[in-house]
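Asks: Would you mind keeping the following structure in view while I ask a few things?
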Amino acid sequence: MGAAGLLTDEAEMASYAIDWRKRYSGRPLAVVRPASTHEVAEVIKICAETRTAVVPQGGNTGLQGGCITDASGTQVVLSTARMNRVRAIDPINNTITVEAGCVLAEVQRAAERAGRLFPLSLGAEGSATIGGNLSTNAGGTGVLRYGNTRDLALGLEVVLASGEVWEGLRGLRKDNTGYDLKHLFIGAEGTLGIITAAVMKLYPLPAARLAGIAAVASPADAIRLLEIAQRQSGDSLTGFEMFSDFCLALVLKHFSGTPAPFRARHPQYVLIEISDSRSEASGRSAIESVLAEGMEAGVVLDAVVAQSLAQVQGLWALRENITEAQAREGHNLKHDVSVPVSRIADFITATDAEVRRAYPGVRMVTFGHLGDGNLHYNVAGPDGMLPEAFVREAAGVSRIVHDSVARFNGSISAEHGLGQAKREEIRRYKSALELDLMRKVKSALDPLGIMNPGKVI
């Protein structure tokens with residue numbers, strides 16, 4: 001591997017041994033940093049021969065401890081950081097072929113330089129990698145229009161647990177020749193093999209991005225506004241995010257100089273983005289029409305529309321800075337859940353009441369991708385209670401939230417994956433048959449159990 005490809009000193013390995021939220025830490029035997037698919041394959045062959053566990057790691061921005069070793073000192077971290085090339089761009093086929101270590105923001109920029117849009121966008125895009133995005137089936141802000149990472153992938157190159165390389169880099173939108181193997185590895189969090197490259201979909205660059213924020217009285221009114229926006233705008237509606245007034249208060253508190261969108265405070269806010277293929281004027285007319293109908297229907301209490309791209313980015317900052325604002329406020333209990341869009345309002349009402357009955361004084365930090373049913377249902381401790389003390393209530397709070405999710409036919413992990421954080425929890429909500437099928441797939445592809453053990457199942 002060379003000096004740049006192998007780390008064994010504890011100080012050099014320190015940043016690979018702990019997740020960015022400082023919740024999960026391990027003790028790697030070594031960190032290997034291959035620079036090619038061939039090198040990945042050679043490493044995996046050695047690990048298979050010696051039955052050494054391998055934990056793949058991209059940008060280390062995961063939230064469930066999925067890319068952190070255990071504390072045994074016997075597991076190897078395989079970092080894809082040096083595998084960061086854009087191999088090819090085909091503007092006519094609307095595809096880009098990238099290596100797993102490519103940072104998401106760089107993929108976006110490469111696509112833009114070719115006159116195309118790569119629509120996957122999320123808060124950690126400056127450090128998250130495509131391999132990690134695929135391994136967790138990341139969602140982000142554009143799922144409403146473009147789908148999850150799974151929906152953007154056309155082909156994969158994967159190193160299997162045997163060290164063999166599956167060459168599946170096909171840029172085809174139609175290929176009905178048996179099992180679609182790529183979907184086994186997308187969302188598997190490195191437990192079945194290591195994704196080393198991918199062919200991803202591109203789209204034409206929109207002529208204009210327009211955004212606006214609407215103040216609404218409740219999540220139910222936000223859903224009514226979503227119905228209006230979808231009916232009026234169709235596929236041009238690319239973002240529909242909801243966040244509470246408490247979320248906004250945290251952002252205004254911890255990001256000094258951030259302007260409040262309205263003079264008055266309101267219970268809930270909705271961020272709407274429309275991407276127009278024709279012109280800025282057309283997009284502005286579309287978003288203003290949505291907000292106008294919302295006001296006429298008594299759903300929208302107040303609204304503001306961005307007048308420039310800088311203002312669009314400023315409105316998005318109100319939503320995207322919530323996670324960091326929470327971190328600065330102190331520890332809170334995070335839940336990445338999804339429920340059918342039609343049931344979100346009832347879910348929030350019912351779950352808020354249950355959590356508050358059990359833990360009086362708690363503060364709800366609820367926000368998320370309303371258009372696709374994904375809520376970040378986070379709970380902060382009561383005023384005056386040390387955040388570290390409230391974290392000790394994590395199991396009880398999560399049980400209430402996740403049981404409520406199950407009653408509303410939802411999922412306890414919408415876009416962050418299971419990792420090690422929810423590996424045991426998922427057994428409460430998946431059927432025995434479903435778990436057995438997952439174990440059989442794992443056993444077939446990783447019979448030695450060396451691929452990211454202790455994660456997912």
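Asks: Among Ile272, Gln313, Leu291, whose Cα projects farthest towards the positive end of the dipole of the stretch 270-331, with charges put on the beta-carbon of Lys, Arg (+1) and Asp, Glu (-1)?
Replies: Final value for the positive-end residue is Gln313.
Asks: What nm distance separates the two modelled labels at Arg423 and Ala389, each placed 7 Å from Cα along Cα→Cβ?
Replies: Output for this residue pair reads 3.3 nm.
Asks: Remind me, what semi-axes does the stretch 258-397 give for its equivalent ellipsoid, largest first in whole Å, using sqrt of 5 times each Cα gyration tensor eigenvalue?
Replies: One finds semi-axes of 32, 17, 14 Å for the stretch 258-397.
Asks: Also, quick follow-up: Considering every Cα-Cα pair within the stretch 3-79, what fraction, in whole percent, is farther apart than 18 Å?
Replies: So the portion of pairs separated by more than 18 Å is 35 percent.
Asks: Let me see the pair-distance distribution of the stretch 86-204: every alpha carbon pair, 5 Å bin width, integer percents in order.
Replies: 2, 13, 24, 26, 21, 10, 4, 1
Asks: Here's another thing I want to ask about it. If you plug each phi of the stretch 370-386 into the Karplus form 6.51 cos²θ - 1.76 cosθ + 1.60 with θ = phi - 60°, what whole-Hz ³J(HN,Hα) values come out, in order, with x for Gly and Pro?
Replies: Per residue, the Karplus-derived 3J(HN,Hα) values read 4, x, 10, x, 9, 10, 9, 9, 9, 10, 9, x, x, 3, x, 8, 4 Hz.
Asks: Test of understanding: what is the full-extension gain from Arg328 to Ala207, defined as 0.36 nm times their sequence separation minus their Cα-Cα distance?
Replies: 39.9 nm is the gain from fully extending Arg328 to Ala207.
Asks: How about the stretch 359-457: which GluC sites (Glu not before Pro) there lie in a loop by DSSP and see at most 14 other Cβ atoms within 10 Å?
Replies: Passing sites in the stretch 359-457 are Glu424.
Asks: Still on this structure, I have one more. How big is Rg to Rh over the chain, alpha-carbon atoms, Rh as the Kirkwood inverse-mean-distance radius?
Replies: 0.97
Asks: When the helix-only estimate is applied to the chain (DSSP H runs of n ≥ 4, each -39,500 (n - 2.57), divided by the residue count), what is the mean residue ellipticity at 222 nm, nearest 500 deg cm²/dmol?
Replies: Rounded to the nearest 500, it is -10000 deg cm²/dmol.
Asks: Under 16 Å Cα-Cα from Lys440, which lysines qualify once same-chain neighbours fewer than 8 residues away are excluded?
Replies: Correct list for Lys440: Lys430, Lys455.
Asks: So how much slack lies between Arg27 and Ala292, counting 0.36 nm per residue of separation and subtracting their Cα-Cα distance, in nm?
Replies: Computed gain between Arg27 and Ala292 is 89.7 nm.
Asks: Using all Cα-Cα distances in the stretch 330-416, what percent lands in each 5 angstrom bin from 0 up to the longest?
Replies: With 5 Å bins starting at 0, P(r) equals 3, 15, 29, 26, 16, 9, 3, 0.
Asks: Could you give log10 I(q)/I(0) at q = 0.19, 0.24 Å⁻¹ for the stretch 208-321, computed by the Debye formula over C-alpha point scatterers of equal weight, without solvent?
Replies: Taking Cα atoms of the stretch 208-321 as identical point scatterers yields -0.94, -1.42.
Asks: At a Förster radius of 22 Å, what calculated FRET efficiency corresponds to the Cβ-Cβ distance of Thr50 and Ala444, to the nearest 0.05?
Replies: So, using R0 = 22 Å, E works out to roughly 0.55.
Asks: Test of understanding: what is the full-extension gain from Thr349 to Arg109, defined as 0.36 nm times their sequence separation minus their Cα-Cα distance?
Replies: This chain segment gains 82.3 nm when fully extended.
Asks: Which listed residue (Asn378, Ser404, Leu333) has the Cα farthest towards the positive end of the charge dipole for the stretch 330-416, taking +1 on Lys and Arg C-beta and -1 on Asp and Glu C-beta about the Cα centre?
Replies: Ser404
Readers should treat all values here as calculations from the given coordinates under stated rules, not as data from a laboratory. As the structure is a prediction and not an experimental result, all values here were calculated from the model. Positions of Cβ are generated from backbone atoms using ideal geometry, with glycine treated the same way; all protein chains shown enter the neighbour counts.
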